[in-house]
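Trainee: Structure in structure tokens, see below.
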Amino acid sequence: MTPLDQLRALCLELPETTEKVSHGEPTWFVRKRTFVMFANHHHDDRVGFWCAAPPGAQEAMVDGKRYFRPPYVGHRGWLGVYLDVPVDWDELAEVVEDAYRVIAPNKLKPARESLYEVQTDEQLPKGNETKPSHQPRRKPNLSRNATHTVNPGEAD
């Protein structure tokens, strides 16, 4: 599987994500807002991607080896990630999820969080003892060959 295929799988697993070509590169959107853009030798001889990042992430992560400040969007705090170096795909899954959280509308964030976080009765706020028991949700498998399935009762 190519780095583009792996990046595509990470992005498309997130709710309401679409892929289109923008500025000549595969780009992923959530409700028409870009959160990740592939960069295949875009303005340099490197392969990577650019993504939205939480405040302070760019300053903390840019090292010139794996992470960089991308052109055009770097001034807005976006992060560039090289894919032509050894890559930790579990770490990049978190980077992509962070990018999604930064861009996704507030309406989608709870739905997205419910896919990734496990909530048990012990974690519910006090005063909910009379409410029906909540079923824990599974974290998705972000491995290379994973496919996303919804268990009965999990669909909205």
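The values are calculated or read from the model by the stated rules, or taken from the named source; none is laboratory data. If you're wondering where the values come from, they're calculated on a predicted model, not measured in any experiment. Positions of Cβ are generated from backbone atoms using ideal geometry, with glycine treated the same way; all protein chains shown enter the neighbour counts.
Trainee: Tell me yes or no: at least one residue of the range 52-64 is free of Cβ contacts under 8 Å to residues at least 40 places away in the same chain, closer than 15 Å to Leu7 by Cβ and not small (Gly, Ala, Ser). Outline the logic, then answer.
Mentor: If we filter the range 52-64 for residues that are free of Cβ contacts under 8 Å to residues at least 40 places away in the same chain, which is where we start, we get 55-56, 58-64.
Narrowing further to those that are closer than 15 Å to Leu7 by Cβ: none.
Looking through the range 52-64, none of the residues is free of Cβ contacts under 8 Å to residues at least 40 places away in the same chain, closer than 15 Å to Leu7 by Cβ and not small (Gly, Ala, Ser).
Trainee: Which members of the range 76-93 meet the condition of being within 11 Å of Ala53 (Cβ to Cβ) and either surrounded by fewer than 19 Cβ atoms within 10 Å (Cβ to Cβ) or under 8 Å from the mean Cα position of the chain (by Cα) (or both)? Before you say what the answer is, go through the steps one by one.
Mentor: Initially, the range 76-93 is screened for residues within 11 Å of Ala53 (Cβ to Cβ), giving 76-81.
The answer is Arg76, Gly77.
Trainee: Moving to a separate point now. Could you list all residues from the range 43-65 that are within 20 Å of Cys11 (Cα to Cα) and in contact with a Gly (Cβ under 9 Å, 6 or more places away or on another chain)?
Mentor: Taking the range 43-65 and keeping what is within 20 Å of Cys11 (Cα to Cα), we get 47-54, 57-58.
Scanning the range 43-65 gives Gly48, Phe49, Trp50, Cys51, Ala52, Ala53, Pro54, Ala57, Gln58.
Trainee: Now, a different point. So Val95 passes all but one of these: (1) at pLDDT 95 or above; (2) assigned to a loop (DSSP other than H, G, I, E, B); (3) closer than 24 Å to Pro15 by Cβ. Which condition number does it fail?
Mentor: If we test Val95 against (1) at pLDDT 95 or above; (2) assigned to a loop (DSSP other than H, G, I, E, B); (3) closer than 24 Å to Pro15 by Cβ, just (2) comes out false.
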